[in-house]
Structures are given as structure tokens and as C-alpha cells.
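The values are calculated or read from the model by the stated rules, or taken from the named source; none is laboratory data. As the structure is a computational prediction, the values presented were derived from the model and not from experiment. Using ideal geometry, Cβ is built from the backbone for each residue, glycine included, and neighbour counts are taken over all protein chains shown.
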Amino acid sequence: MGGKNTAKRKGKKSGKPQQGQAGRGSSAGNDFRGAGFAGSQVLGHGTMTANTYVQQYAPVPTALDALPQPPVGFTGREDDLAYILGVLDPDRADEGPAVAVLSGWGGVGKTTLAYAAGHAAQNRGWFTGVLLVDLHGYDPRPAQAEEALEALLRSLGVPHEHLPPPGAGREALYRSQLNARQEKGERLLVVTDNASAIAQVQPLVPPGHHGMLVTSRHRLTGLGRMRTVNRLQPEDAVALLEAALKNNDPDDPRVREDPEAAERLASACGYLPLALQITAALLAQDPEQPLSERADALGGTESVLDGLDDGERSLRTMFDQSLERLTPQEQDLFRLLALNPGPDISTPAAAVLADQPQPATERLLARLATSHLIERTPAVRGRWQMHDLLRAYAHEQATATMDRGRTPRRRYDQAHDRLINHYIQHAQAASTHLDPPGSPVPARFTDRDHALEWFDAERENLIATAHTTPQAALDLSSALGSYLKWRRHLQDHVVVNALALDACTKLNDTRNKATVWNNLGGALLEFRRFEDAVHALETARDLYQQTGNTQREATAWNNLGGALQELRRFDDALHALETARDLYQQTGDTNGVADAWNNLGTALQDLRRFDDALHALETARDLYQQTGDTHGEATGWNNLGNAYGDLGRFDDALHAHQTARDLHQQTGDTHGEATAWNNLGTAYQELRRFDDALHAHQTARDLHQQNGNTHGEATAWNNLGTAYQELRRFDDAL
């Protein structure tokens, strides 16, 4: 592979062309903005023939060694380099043009990568020279293709007086020059940097076996093989920072002495090479400044972008250039997207934000993604995300347009309110699909799976929304409760309810305070903060008693019984659960009665009253079946299996846990399924079916890991150990 090119296969010798003086120094990276082209001459008094294009001129200096070296600290681009070299390889399998288009947002390191790839290709002997042209695509006056062609032709040795005027003749001469060099056994690499439109680049695409690299902040489709350049990995960003610092002072010890601060600093720079180079330059100006101080400054300034400007390079300026290339509608949506409280946004939510039809919004989003000002979320189609530094910039732009009076503040406030209401209303509609049967279900979601899919996609946005206003926190605490418990996002469950409790105080809302205390107690119970849960649930119970809300009081008693049980206060738990059962019966809440019987059964098991426990759990199961609550029935069967096991009825226990597992799978509750698998493994062990037990406990462990349930995972590992011991696999048991 290395060292071969098309010319060699023809039997002609390939080598570095002899370089004239113009090939180094000032010729590198042709910058022709402002050059005058009015005096160009037309050969043959205005008529050009094909023979003219291939005519060889007298020897003149050429610029075929114009590629700068990558900056110190270039790292972390191994996969990108391998991809680009695969495109440029003269022995590649496919017959397409050797053109690679590198796209990505400003400051991500596209130009540096192109330089590195060009040098790597030359080191392999694939090219005899490089032509470099900067198209200044994001400057106020981008270069035109005719201007770029003039610069390239002059680099190829065409004297100024022999240049055709702008038009097709110039492109034809360029292609002829490259074809002539190919016939001589030369293979050139054309690097076109900072393109912003296909029209700038299309006439520059070389013919034949020559190669081309294009860099752009836009996805310029149709030119060649596409490659998106992404930000660095954290460890590579730290390595770049250290290399840049040591380039200024080989003895700079700051990264080595404080690696944690270096990681924070790299993160504050968004893992962008340009931001890291600017930061290194600022640190070099102040050799005594600790990295932690610089990281704090970036995190604490009014805008992080203020700290990413070293006087010569500015991330904000680069973003300004990209923004100016957008249409007014695209600019407007870009600013509005900064109002989204979470890390990404769906197309429907963006349409609500923009207050326009979804198809029109999707077209604008796609154009912003093409400009690399936002990105498509890789995992889920129809979702979009914005880098933190670009979000900060979008916030700046929104504020600036309001300050200048170009956009009324109320427009942004209205857009924000529309988006918050969108999230709340959808969360409330989705939550009804997780409630017990019998509750009215809005048509916004087709079924439980659809509702859970929406919750999964929007969870981080919903948690962020709960932080925006007291009313949003209050509304979302009830709408999110069942989902967060279902998916075992227990810390989020506690946080949202704590926000809601604070909201009740701020809003002077006494009506909802008892419910929030109850929900917080339930969340703390699931989070295994049992003492705190008891306090919250006793507070809720007392508030419900004061307002005479019997049904809600029953719920508080029921949750309180569960918390007391975890604290091994079994007699108190029994009293609380019996009280809950009786109050549910008074209000006619059959599903609540089933919940109370179910919890009573587990409390009676703890008290070693196995026959009473069996009666309670069978009653709960039957009531769940009566109300059609499949999820509750699954829980009932699982607890019933444990009761059968306590009574030595292991075949019945096996059947009960298998039924629980199947019902949990049916409802999509992976936490309940994991618990059933673990209990199923215990039943298999009692029946001396150790291989089956091993499989069951391993499945439980994997599901608990998937759900992030470390307590359940630990239980499964413990049971796995006993199964390994029974199989005499003592090393595995350890």
C-alpha cells in the first residue's frame, strides 16, 4: 500500500518535484482576497482551443509544498486519519474519486486534521505535491471559485499573463494542467480549506488520479466521501492541553501536578482543540496561574466565551461567522433552541418553541445541523442537541437581540412558556398509561409502551423543566412519579419531589402539600432512606387527617407501613397497613385494598406468620385480577412465591415466580422482572436445579445492572455465590 500511486503502475518514476522558491514561505495557504483580477489576458485574442490548455509554459516557480505542519499536541484523531487515508490511498478498492470532505463546527480541528492527513499521505509516497487554498467561506467576503482557480493555476506555474478570464476557460485550464502532470507521473493533493458552499469547491475537484481534501462547517454532499469531525475525547483533550503548555515551556508542570483540574479545564473548553489552544496561550501568559483557577474562571464568568479569547483567536468570533451565514429564520430558531432546559430537543418540541408547523421546523433544524450549529442525536431519530459552548453563544445572541430591541422579550417568554407547557401536558398524558386500570387515558399516546418510550426520550428534559419554575416542579412531581419509580430513576424521583415541596412553600400552596409530602416519602422509601421516609409519610398522614381526605390518608398509611417494615418495626408496620386497608375499604378503592393486602402479606412474612401471609397475598392477587391491574398482579404473584417458599411449597413457588416474571415482561417492568428472576433462582436452588438457578440469578444480575439498581444487583450476586457453591465452582463463588 505505502509508496504506490497510479503513476508507478504505469511504469513512470514518481518523486518529489523540484521546488522553486515560491513553493515555501509566503506561498503556503494562498490568500487572495482583495487581489485584482481585472487585468487577466485572454490568449488567442479571445478564442481558446483545447491545445492551448495543455500547452506547457516556460519554467516558473510552483507552490507544491504549501502544507503547514499540524500544531503541537495534535492527538486523538487516529480513526479520522485512517478513514481519510483510506479515501486517498491510490490502491483503494473502490473506483470513486479520491475526495474526502471533512465537516464539523468551528474550532473542532478540521483544518489541523486535513494538514495531518496530507502529511501522512505524502509520507507514504502517495502524492508528489500539495496545493493549498483557503476559501475563507465564513468571512464577510468568501472567495469565489474563479479566484481560487487563479491561485491554484499560479501555484501550478501558470504565469499571470496566460490566465484565462473568469469562466469555463479557467476551469478547463486547471484540469488540463493536472492531466498533464498525471501524464508525467505526478499525483497532487488539493486541499481546499474553509469552504462554505459546494459552488466554491466543485470547479476545483481534480481529475484523474489526483486527490482532494475539503474542510467546511457545512455538510457539502455530492463532492466525495463525507467525514464528520467531532470534539476530542477527554483524555486526548488533556493531552493536547499539556502539549500546548509544554510547547511554551517544556518544564510546565501544571497538568502533571493537578490532573483533576486539567480534566475540568478540558471539559470547560468543550474538548474543542481551538478552545484548548486559546486556553493554553492564556495560561502561558500567566505561568503562575493554577489550572483550577483557570477552570473556575471559565465556569464562573458571565459567559464562558469571554474566557476563550486570547486577543488573536476567539471562539465567539468563529461562531459569529457561522451565524452570519444563516438565513434570518435559521438564526431565529438557533436562538430559540437555547431556551430548551434539557440537553436535547425533539422536532415536535422545537416546532412548539418556534410556533410554526412541524415540517417547516424540521427543514430549519436540518439546515442548522448541516451548518454543524446543532447535531442530530445519534441514538434517536428526530432529536437534536447543541454543544454547551454553542448553547452559551445562542443565549448570548438571544439576549443581544432583546437588548437591541430587535426581538421583544415577551416573544422569548411566550416561547419558553409554550415549551414548558408542552412538556407538562405530555408528561401528564403519558402518566395515565402507568396508572391502575380504570383511569381515563388521553389519546395523545397509543399505549403504555408508547408512553414509556416518550418518557425515556424526554426524561432529562423533564427533570430540567422541573427546575425552571415552582409551578412546573409541582405539576411534574405528580406526572413523573409513576414513571421514575417504574424505571428506577430513584434519585430523580427524590429530587423532583423535593423541588415540589419547595414550590408549595413559594406558592403558599397548602392544598397540595400533603400529596407532595406523601410522594416524597414514597420516593425516599424506594431510595432506601427509611428514617426520612417515615418522617415525610407521617407528615403527609397528619395533613390528610386535618383536611379529612380519607382516601389519600389511606395511601400515606400504606406507604408508612412499608417504611416501618424496612426499619424492622413490624408491629407498627402491621398496624399502619391494617389501617390503610380499612380506610381503602371505606372509600371503595379496590385497587388500594389490594395494595394494602399485598403489603400486609410481606409484613406477616417478616413476623413468621406464614399462613396469614399466604391468605393476605392470595387476597391481593385475586383483587388485582378483579381490577385488571396486570402490574399489581405481577407483584402479588412474586410475593406469593416467597410465601410458598417459606411454607416449603417449592413447586408452587416456582410457578408463582414464573408467572410474575412473565407478567412483568408483559408490562415492560424490568425492575420487577429482575426481582422475579432472582426469586425464581432461589426456588430452583430449593429444587436442586442448580444450573437453572445459575441462569436465573445471572439474568437478575444483568437486569439490575441495566437498571442501575446496585442493591438488587448485590442480592443477585450473593445468590449466585450460593449456586456456584452448590455446583462446587468454589473459585467462581469467591
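Worth pointing out:
- Scanning region 108-136 for residues that are surrounded by 24 or more Cβ atoms within 10 Å (Cβ to Cβ) and either part of a loop (DSSP other than H, G, I, E, B) or among the charged types (D, E, K, R) (or both) returns Val108, Gly109, Lys110, Trp126, Phe127, Leu135.
- Residue in region 686-699 that is surrounded by 20 or more Cβ atoms within 10 Å (Cβ to Cβ) and out of contact with any Leu (no Cβ under 6 Å at 6 or more places or on another chain) present: yes
- Matching residues, region 330-346, being free of Cβ contacts under 8 Å to residues at least 60 places away in the same chain and either in the same structural domain as Ser196 (by TED's automatic domain parsing) or within 17 Å of Thr465 (Cα to Cα) (or both): Leu337
- Some residue of region 426-435 being over 27 Å from the mean Cα position of the chain (by Cα) and more than 29 Å from Gln545 (Cβ to Cβ): yes
- Any hit, region 25-33, residues being over 30 Å from Lys246 (Cβ atoms), at pLDDT below 50 and surrounded by fewer than 15 Cβ atoms within 10 Å (Cβ to Cβ): yes
- Within region 574-591, the set of residues being assigned to a loop (DSSP other than H, G, I, E, B) and either at positive phi or in contact with a Ser or Thr (Cβ under 7 Å, 6 or more places away or on another chain) (or both) comprises Gly588 only.
- So Ala523, is it touching a His at 6+ places or on another chain (Cβ under 8 Å), in the same structural domain as Glu553 (by TED's automatic domain parsing) and under 18 Å from Asn558 (Cβ atoms): yes
- Meets criteria (more than 26 Å from Arg621 (Cα to Cα), surrounded by fewer than 20 Cβ atoms within 10 Å (Cβ to Cβ), free of Cβ contacts under 8 Å to residues at least 40 places away in the same chain and under 30 Å from the mean Cα position of the chain (by Cα)) for Thr722: no
- Qualifying position, being out of contact with any strand residue (DSSP E or B) (no Cβ under 7 Å at 6 or more places or on another chain) and at pLDDT below 90, among Ala415, Ala400: Ala400
- Residues being crowded, with 17+ Cβ neighbours inside 10 Å, closer than 20 Å to Asp606 by Cβ, without any contact (Cβ under 8 Å) to a residue 40 or more places away in the chain and hydrophobic (A, V, I, L, M, F, W, C) - total across region 640-659: 3
- Checked against (1) in contact with a helix residue (DSSP H, G or I) (Cβ under 7 Å, 6 or more places away or on another chain); (2) crowded, with 20+ Cβ neighbours inside 10 Å, Ala261 passes all but a single condition, namely (2).
- Once region 340-364 is narrowed to residues that are touching an Asp or Glu at 6+ places or on another chain (Cβ under 6 Å) and at pLDDT 95 or above, the residue that is surrounded by the most Cβ atoms within 10 Å (Cβ to Cβ) is Leu364.
- Odd one out for Ala243 among (1) touching a residue at least 60 places away in the same chain (Cβ under 8 Å); (2) surrounded by 20 or more Cβ atoms within 10 Å (Cβ to Cβ): (2)
- Cross-chain or 6+ apart pairs with Cβ under 7 Å, region 503-532 first and modelled with pLDDT of 95 or more, then of a type in the set (A, V, I, L, M, F, W, C) and not in a helix (DSSP H, G or I): Phe530/Leu567
- When Leu419, Leu333, Leu326 are checked against the criterion of being touching a Phe, Trp or Tyr at 6+ places or on another chain (Cβ under 9 Å) and under 30 Å from Asp306 (Cα atoms), a single residue qualifies: Leu326.
Conditions (1) within 20 Å of the chain's Cα centre (by Cα); (2) of a type in the set (Phe, Trp, Tyr), marked per residue:
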{"site": "His450", "(1), (2)": "no, no"}
{"site": "Trp454", "(1), (2)": "yes, yes"}
{"site": "Arg459", "(1), (2)": "yes, no"}
{"site": "Leu462", "(1), (2)": "yes, no"}
{"site": "Ala466", "(1), (2)": "no, no"}
{"site": "Pro470", "(1), (2)": "no, no"}
{"site": "Ala473", "(1), (2)": "no, no"}
{"site": "Leu480", "(1), (2)": "no, no"}
{"site": "Lys485", "(1), (2)": "no, no"}
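- Residue pairs meeting the criteria (Cβ under 7 Å; at least 6 apart or on separate chains; first under 14 Å from Ala656 (Cβ atoms), in region 676-689; second in a helix (DSSP H, G or I) and among the acidic types (Asp, Glu)): Tyr684/Asp692
- Residue tally, condition crowded, with 22+ Cβ neighbours inside 10 Å and either among the aliphatic types (A, V, I, L, M) or more than 18 Å from Leu520 (Cα to Cα) (or both), over region 466-479: 6
Listed here are the residues, each with its yes/no results for (1) surrounded by 17 or more Cβ atoms within 10 Å (Cβ to Cβ); (2) under 18 Å from Gly118 (Cα atoms).
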residue: Arg187; (1), (2): yes, yes
residue: Val190; (1), (2): yes, yes
residue: Pro206; (1), (2): yes, yes
residue: Leu220; (1), (2): yes, no
residue: Gln233; (1), (2): no, no
residue: Val238; (1), (2): yes, no
residue: Asp249; (1), (2): no, no
residue: Asp252; (1), (2): yes, no
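- Region 658-734 holds helices (runs of 4 or more DSSP H) entirely within its bounds, and those carrying 1 or more residues that are of a type outside the set (A, V, I, L, M, F, W, C) and modelled with pLDDT of 85 or more map to 670-686, 690-707, 710-726.
- For region 608-626, the condition of being free of Cβ contacts under 8 Å to residues at least 24 places away in the same chain, over 21 Å from Ala596 (Cβ atoms) and either surrounded by 23 or more Cβ atoms within 10 Å (Cβ to Cβ) or small (Gly, Ala, Ser) (or both) holds for none of the residues.
- Residue check, Gln69 closer than 25 Å to Cys269 by Cα and not assigned by TED's automatic domain parsing to the domain that holds His372: yes
- Candidates Asn179, Asn194: the one that is touching a Gly at 6+ places or on another chain (Cβ under 8 Å), among the polar types (S, T, N, Q), buried (at least 20 other Cβ atoms within 10 Å of the Cβ) and assigned by TED's automatic domain parsing to the domain that holds Thr112 is Asn194.
- With respect to the conditions (1) more than 21 Å from the chain's Cα centre (by Cα); (2) surrounded by 19 or more Cβ atoms within 10 Å (Cβ to Cβ); (3) among the β-branched types (Val, Ile, Thr), Val304 falls short on a single one, namely (1).
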